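Trainee: Provided herewith is a single structure, encoded as structure tokens, for subsequent inquiry.
The values are calculated or read from the model by the stated rules, or taken from the named source; none is laboratory data. No experiment lies behind these values; they were computed from the predicted model shown. Note that each Cβ is placed from the backbone with ideal geometry, even for glycine, and that neighbours are counted across all protein chains shown.
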Amino acid sequence: MTCLIRKIGLWLFAIIMAIPLSGCWDSKEVQSINFITALGIDYVKDHYVAYAQLIDFSSIAKQDGPTSREGSQIWIGQGEGATLNMAINDLYRSSQQQTLWTHVKAIVLAETALNGHLEDIFDTLMHSGQLRYTPWIFATADDMKDLLSSSALLNQSEQTIELFEPIKLYKQYSAFEPIRMHQLLDGFREPASTILVPSVTNTNHTWTHQDRKPPLVQMNGFYVITGGQNQGRVDANHAAGARYVNYNKVYQYPLYVYSDKQKLPSLSLMLRDPRTVIRAKKSGTGVQFDLKTIVKATIIEDHSNHQSKQMLELEAAQQIQNEIRHTFQHAQARKIDTYGLVEYLYRHDHPCGLHTPTNEPIQLPISSWVRWMFMSIL
């Protein structure tokens, strides 16, 4: 009898202890939590300004298709403080309910925040405990509120804009390579490292809806970060050479080859997988760099009047070489090390006297030649 009572007692104890574990007694509905989807950081007049983008996930979940732009549920919060942590805490004052940062998919840094504040910014963000290492990183010179309020085509969810899914567009049109936060942090404190942070704007000159051009996010260049410091911005007109030298992966990008002064390109190509090998050697009191670039391409249009394959290769190679030189010369004039040449000297401990880590940009001569791997379609 005693044994039976003991067993019944153990079962009762187990049932009582299991009651608090059953169900989702502490769960909350999605509409009762503020999920931050994008974070903007600015530095104005000796203080930080934090912008938080909120999107109504409950309305997105309920809709069966596209909704009107007038029904868009984007809210932008703005907090200020002497430190970034104070600015973020300032957002909580009137947030009405719990705010979570676990769904942040993009971080946009204002140009002023890039200038000498990057280490402080990322030290604060990494100590938050909620932010992941995977958000996409961008920089901008535009108004932060306007940028974070950008539209989506066809009135789709705001979560489909390029700010949150840049890699999908990059695979189709490899203009500016997007980077995630962990990629920036990997090279952030490395001596002489060069990181290209995409620049974004919401100026739209392409798409029209009901006789107006809604603001749409697009990349328009990149900022060059070396040794944790911002060297400056390179716009789209002067950035083409980086595509062959710096990018980890180019899926496809058009190249239009012009012969003489013709308005119509003699050749339209689709480039992919460029690879560049850098070599350095002493040249007088300075250093000369030789860049050897290998590119694959497909012919899309041919208006060359049946020129030989060799002539087409030479013309395309010359066009690429011109773009590589132009980007270098433009950056050199502004004392920007776009191609990471100082990092090359540092990594290879080259006996040119310039392998010591430095944040100072260099002015070096460059020579380049392009070997062309040519593929045509039938």
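Trainee: Can you tell me which residue within segment 110-145, out of those that are of a type in the set (Asp, Glu) and part of a loop (DSSP other than H, G, I, E, B), is nearest to Glu190 (Cα to Cα)?
Mentor: Among them, the one singled out is Asp142.
Trainee: On to the next question. Can you find, within segment 26-41, the residue that is surrounded by the most Cβ atoms within 10 Å (Cβ to Cβ) among those that are in contact with a helix residue (DSSP H, G or I) (Cβ under 6 Å, 6 or more places away or on another chain) and at pLDDT 90 or above?
Mentor: Only one residue fits best here, namely Ala38.
Trainee: Run Ile161 past the list (1) touching a Ser or Thr at 6+ places or on another chain (Cβ under 7 Å); (2) surrounded by fewer than 17 Cβ atoms within 10 Å (Cβ to Cβ) and report the number of the one that doesn't hold.
Mentor: Going through (1) touching a Ser or Thr at 6+ places or on another chain (Cβ under 7 Å); (2) surrounded by fewer than 17 Cβ atoms within 10 Å (Cβ to Cβ) one by one, Ile161 breaks only (2).
Trainee: All but one of (1) at pLDDT below 90; (2) within 17 Å of His47 (Cβ to Cβ); (3) β-branched (Val, Ile, Thr) hold for Thr67; state the number of the condition that does not hold.
Mentor: (2)
Trainee: Of all residues in segment 261-275, which are crowded, with 19+ Cβ neighbours inside 10 Å and outside any loop (DSSP other than H, G, I, E, B)?
Mentor: Leu267, Leu269, Leu271, Pro274
Trainee: Follow-up. Quick check, is Leu91 closer than 26 Å to Gln229 by Cα, aliphatic (A, V, I, L, M) and part of a helix (DSSP H, G or I)?
Mentor: Numbers: closer than 26 Å to Gln229 by Cα: no; aliphatic (A, V, I, L, M): yes; part of a helix (DSSP H, G or I): yes.
No; evaluated as a whole, the condition is false for this residue.
Trainee: If you don't mind, another one. Just to be sure I understand the filter: pairs with C-beta atoms under 9 Å, separated by 6 or more residues or on different chains, first member in segment 133-158 and among the basic types (Lys, Arg), second member surrounded by fewer than 20 Cβ atoms within 10 Å (Cβ to Cβ). Which pairs pass?
Mentor: Lys145/Ile76; Lys145/Gln78
Trainee: Determine whether Glu119 is closer than 19 Å to Leu39 by Cβ, free of Cβ contacts under 8 Å to residues at least 40 places away in the same chain and of a type in the set (Asp, Glu).
Mentor: No, not satisfied.
Trainee: May I pose another question? Mind listing whichever residues of segment 164-190 are surrounded by 19 or more Cβ atoms within 10 Å (Cβ to Cβ), of a type outside the set (A, V, I, L, M, F, W, C) and part of a loop (DSSP other than H, G, I, E, B)?
Mentor: Answer for segment 164-190, where residues must be surrounded by 19 or more Cβ atoms within 10 Å (Cβ to Cβ), of a type outside the set (A, V, I, L, M, F, W, C) and part of a loop (DSSP other than H, G, I, E, B): Ser174, Glu177, Pro178.
Trainee: Is segment 223-239 home to any residue that is closer than 30 Å to Leu154 by Cβ, in contact with an Asp or Glu (Cβ under 7 Å, 6 or more places away or on another chain) and in a strand (DSSP E or B)?
Mentor: Taking every residue of segment 223-239 in turn, none turns out to be closer than 30 Å to Leu154 by Cβ, in contact with an Asp or Glu (Cβ under 7 Å, 6 or more places away or on another chain) and in a strand (DSSP E or B).
Trainee: For the condition surrounded by fewer than 17 Cβ atoms within 10 Å (Cβ to Cβ), modelled with pLDDT of 90 or more and out of contact with any Gly (no Cβ under 9 Å at 6 or more places or on another chain), what is the one hit in Tyr251, Tyr244, Tyr258?
Mentor: The match here is Tyr251.
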